[in-house]
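Contents: one structure, followed by commentary.
The values are calculated or read from the model by the stated rules, or taken from the named source; none is laboratory data. None of the values given here were measured: they were computed from a predicted structure. Here Cβ is always computed from backbone atoms with ideal geometry, including for glycine, and neighbour counts include all displayed protein chains. Ligands, DNA and RNA are stripped out before the accessible areas are found, and what is left, the full protein with its side chains, is counted by its heavy atoms. Shrake-Rupley method; radii C 1.70, N 1.55, O 1.52, S 1.80 Å.
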Amino acid sequence: MTAAIQCYHACKSFKESVRKTEKAEAGSRDRRAHRRIADFILPSKVTVEAVKDVSFDVKRGEIFGILGPNGSGKSTLIRMISTLLIPDSGTVRVFGKDVVEDRLEVRRYINRVSVEAAFFKRLSATENLEYAARLYGLDPKEGLLKAKAILARLGFPNSKVDVSLENLSRGMQQKVAIARALMTAPVALLLDEPTTGLDPVSKRDVQDFVLDVRNTHDTTVILTTHDMEEADRLCDRIAVIHDGEFVALDTPENLKRQCANGNGHLPNLEEVFFRLTGRSPNEWETEGEDE
Amino acid sequence: MNDMKPGSVVGYMKSGYALVQRNYNLIKHEMGWEIVNTIYQVVNALTIGFIGVAGPQEGLNERVLFLVSGALLWGFLSILFHEVAESVAWERWEGTIEYSFMAPQPRGVYMFGVCMWAIAYGLVRVVICLTAVTLAFNISLAEANLGGALLTLAASSLAFIGMGLAAAVLPLISPEKGSQATHIFQAVVLLVSGVYYDVAVLPAWVRPLSYISPATYTLRAARAALLEGASVRMLLPDLLALVLLGAILIPVGFWIFSIGENYAMRTGKLKRTG
Ligand SMILES: Nc1ncnc2c1ncn2[C@@H]1O[C@H](COP(=O)(O)OP(=O)(O)OP(=O)(O)O)[C@@H](O)[C@H]1O
Ligand SMILES: [Mg+2]
């Protein structure tokens, strides 16, 4: 049996324009005018390697976690799997379909919840969900019914379904985003920080729901999060990404064991994270003192 | 997995309707602006009509009709172009573009939905304007060939949708400046197509542009039908030119858009803050 999601040597880099003058101005005051003009017209580009040669397989029904510091490439990786970014090199397949060649087919399998709430903010939850249902070829009535059942499970107040999204709290918007993604019954679910901004109870509700969906529908899940407890609780395996590279990939237990120090004390996932990304809170404090 | 059968025409039509419904909901929430825009368009058409009234008595009806038809047709065509060209800019701005483009819906279906919306919305607006104008000016349409004028409008929709598709790529590849560029394009079409004057008055170096602008043919044919009651047979050359332009511009526009979309997906410009 082939893996649900396969990623082989995936690479992605971006070009970011940097105005040299702005950078240099602070240091040297001796910038020639023509250099400034040249920079203004043709800002120099720096290449950001967001994802570097990442390979992994996710089994069907597995919850696969990706942990990493800000800007380490988690969302970029998720975007490549969601067909929103074309990899520079390497291949990404979802249920055997290539994300570039068979884009449309991959899109039938997946759905994504992103950190940013991607909604028409003037429209209500109902209107946004109806749009989503139609877009995915669902019967709008059935889709809405399903989405509202999910919203109820996540503790979303029914009185708010017809309120403009812009007037909902961030956590409520996030719940609508989760309902919108699960309404289409994806076989692969890509969750990019789905619980960021949720209160502890709502967080639990979402986590339980993700576990439930996986258990009842055999849904494959990729999850990024900054909540180590959440990763520990949900993920069958965890990859730690740092500067675009996977620095570890194993079950939570094995990761802890690997990072155990001699005295037999098993670290928690947070300590594992600090160890693997080379940034401990202590280091931070000493750096602060130096200044 | 979802119910949409791959390739089912009915399924695709329904999923294209998602865009029509969504845009309708959006303007419902922006009713204030809708009223402002409609009033502006009506007042604009009336103002231009009065320029005709101000002239000598001789040929008054033709002159007013010439100007007013220009205002109405341009109103319709620019809404058509604008709705299609700005659809992407809009989604970028809202931050929904990744969501919409990730749906299992071919881009052609998405664009079809946007175009259907643009046509329906443009027609409603132009009918409101037409009503106001006929009430304000004592225009006689006794000799007009209204069917021919409508046919012209339908034929020119294709070409304008094609231009809209090509222009929609601009916000995709340049998040900051794309939208402004579509306005410049629209302004140039207005200048060269003889909306309020005969293209013969244009300086020689601008004239060639008028030949490739579909609006030139639209206005000429629609005016022939409205002012002179020209039969469809007499309109045929212009109608054919419009259909031909549409047949070229729609695939070319869509092709340009697809290239732009791929470029955006390679360079990471689909994101809201590209
Ligand atoms: N569309 C883009 N255009 C240019 N650069 C980008 C783009 N998307 C990401 N990057 C850059 O790629 C790197 C990785 O970003 P990414 O969003 O994948 O990080 P992340 O791990 O999701 O971070 P966070 O935890 O903050 O969400 C960053 O340096 C970012 O600036
Ligand atoms: Mg991210």
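Pairwise Cα distances in segment B:1-159 exceed 29 Å for 32 percent of all pairs.
Could you do me a favour and compute the accessible area per residue for chain A, 1.4 Å probe, result in Å²?
I get 47 Å² per residue for chain A.
Think of segment A:203-253 as a dipole: +1 on every Lys or Arg Cβ, -1 on every Asp or Glu Cβ, centred on the Cα centre; then among A:T224, A:V213, A:A248, A:V213 lies furthest on the positive end. Per-peptide packing, taken as the mean over residues of other Cβ atoms within 10 Å, places B:135-147, A:230-242, A:126-138, B:239-251 in the sequence A:126-138, A:230-242, B:239-251, B:135-147 from highest down. Within the straight-line cut-off of under 17 Å between alpha carbons, the aspartates and glutamates reachable from A:K256 are A:D227, A:E229, A:E230, A:D232, A:D236, A:E270, A:E271, sequence neighbours fewer than 8 places apart in one chain being disregarded.
Kindly report the accessible area of chain B per residue (heavy atoms of protein chains, probe 1.4 Å, no ligands, DNA or RNA), in Å².
Averaged over the residues of chain B, the accessible area is 46 Å².
Accessible surface buried by the A/B pair amounts to about 3700 Å², both sides summed, 1.4 Å probe.
Given +1 at the Cβ of Lys and Arg, -1 at the Cβ of Asp and Glu and no other charges, the dipole of segment A:70-216 around its Cα centre is 160 debye to the nearest 20. Across chain A, the volume of the C-alpha convex hull divided among the residues equals 188 Å³ per residue. Shielding by partners for peptide B:24-33, expressed as the average number of C-beta atoms from other protein chains within 10 Å of each residue's C-beta, is 3.
Across the options B:V192, B:S258, B:I119, the greatest Cα extent toward the positive end of the charge dipole of segment B:9-267 (unit charges at beta carbon of Lys, Arg, Asp, Glu) belongs to B:S258. Of all lysines in the structure, the ones whose alpha carbon falls short of 18 Å from that of B:K14, not counting any fewer than 8 places away in one chain, are A:K141, B:K5. Measuring nothing but how far apart in sequence close Cα pairs (under 8 Å, 6+ apart) lie, relative to its length, segment B:9-267 scores a relative contact order of 26 percent.
Where Rh denotes the Kirkwood radius from the mean inverse Cα pair distance, what is Rg over Rh for the protein assembly as shown?
1.06
Centroid-to-centroid, using Cα positions, segment B:1-71 and segment A:166-194 are 35 Å apart.
For the cross-link pairs A:K74/B:K269; A:K74/A:K148; A:K15/A:K52; A:K74/A:K146; A:K146/A:K175, the ones whose C-alpha atoms lie over 20 Å apart are A:K74/A:K148; A:K74/A:K146. Within 10 Å of the Cβ of each residue in A:122-134, the mean number of Cβ atoms contributed by other protein chains is 5.
Just to be sure I understand the rule: take each whole DSSP H helix in chain A, project its Cα atoms onto its long axis, keep it if the span is 18 Å or more and its mean Kyte-Doolittle hydropathy is at least -1.0. Which ones pass? Long hydrophobic helices here: A:140-153, A:170-183, A:200-217. Consider all pairwise Cα distances in segment B:9-267 and report the whole-number % of them above 31 Å. Everything past 31 Å amounts to 27 percent. The packing ranking of peptides A:70-78, B:213-221, B:117-125, A:105-113, highest mean first, is B:213-221, A:105-113, A:70-78, B:117-125, where packing means the average number of other beta carbon atoms within 10 angstrom of each residue. Of the residues A:V54, A:V94, A:V163, the one that moves most in a GNM of chain A with alpha-carbon contacts below 10 Å is A:V163. With 30 Å² as the minimum drop in accessible area between chain alone and full protein complex (1.4 Å probe), the qualifying residues in segment A:62-106 are A:R79, A:L84, A:I86, A:R103, A:L104.
How much of the accessible area of chain A, in percent, comes from carbon and sulfur atoms when a 1.4 Å probe is used?
Looking at chain A in its full context, I get 49 percent from C and S.
For peptide A:12-18, the mean count of partner chain Cβ atoms within 10 Å of a residue's Cβ comes to 2. Solvent-accessible area of segment B:82-213 (1.4 angstrom probe, protein heavy atoms only): carbon and sulfur portion equals 74 percent. Here segment A:57-131 and segment B:165-186 have alpha carbon centers that stand 27 Å from each other.
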